[in-house]
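Please treat every number below as a calculation from the coordinates, not as lab data. All of these numbers come straight from a predicted model, not from anything done at the bench. Note: ideal-geometry Cβ built from the backbone for every residue, glycine included; neighbour counts use all protein chains shown.
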Amino acid sequence: MNQSVPDNIGIMGGTFDPIHLGHLVTAETARQAFHLRTVIFVPAGRPPHKQGQPITDAEHRYMMTVLATVSHPDFQVDRLEIDREGPSYSVDTVAVFRERYPDSNLYFITGADAVLEICSWHNCTRLLSMCRVVAATRPGYELAGLGCLADLVGEELFRRIVPLEVPALAISSSDLRRQVAEGRSIRYLVPRAVEEYIQKHGLYRPRERRVVPGWGVVHIDGPILSGKAGEEDG
Ligand code: ATP
Ligand code: MG
């Protein structure tokens, strides 16, 4: 590779439960803005900030991420967090890519909500010393609060957080899960192949609870029975 051309690589972490157009638009906008040679999507194994919440099997989330990105020549998906034991800390993931691409500039792409939690991230100063963090705008979250991070991480590292204006898509995986559970459409919010995958595997459908003598309460996967189903999905 030509030494004078900086080699920039994007890393897009997320639970992707499911992946949606908000993730894809963010990754694509970052790819263009920072001249990223590739954006590597990294579905989380066990996200530390989502412990205690039910999360879809990693293989399903991985498959949906592959389906959503396969047609983009510069997008790829990496299984490293899924295949790793223990909680998925972003800093450990970035450290792997730092080693894999020692001469590249790494851009860790996050939405405004995630970047504002940066202080609570495991070893965030180490993270910022290894990569730049892209703080993408996201409807419902303010990037204005970012300034307070300067005191916490210091001016030099703070400059490694780069804001990015992204076309506003008020889509979240939590809303999508709820919509599927309530039998509502998610078309045009996720790629068509992801929508079909969700349907095919019955993901996010409410499960009927029945008391079976001798078994106690059992959950039965089944068709959506009423608009109220899935209300307990939080
Ligand atoms: P959940 O509701 O389950 O938390 P989510 O929609 O926030 O799902 P995640 O997988 O948690 O999706 O997010 C992965 C990354 O993508 C995070 O950095 C998040 O801020 C960012 N992101 C998610 N949705 C959007 C969006 N609509 N616009 C910009 N960034 C987004
Ligand atoms: Mg989220």
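Okay, here's what the table says:
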| read-out | value |
| --- | --- |
| Hull-based mean projected area of the chain, where the convex hull spans the alpha carbons, in square nanometres | 14.6 nm² |
| Filtered GluC sites (Glu not before Pro), the range 121-211: DSSP coil and at most 16 other beta carbons within 10 Å | 142, 165 |
| Residue of 57, 17, 151 that the Gaussian network model of the chain assigns the largest fluctuation, springs spanning Cα pairs under 10 Å | 151 |
| Residues 50, 200 arranged by fewest to most Cβ contacts within 10 Å | 200, 50 |
| For the chain, built as a Gaussian network whose Cα springs stay under 10 Å, the top-fluctuating residue of 53, 179, 199 | 53 |
| Gaussian network model of the chain, springs between alpha carbon atoms under 10 Å - residue of 87, 213, 139 with greatest fluctuation | 213 |
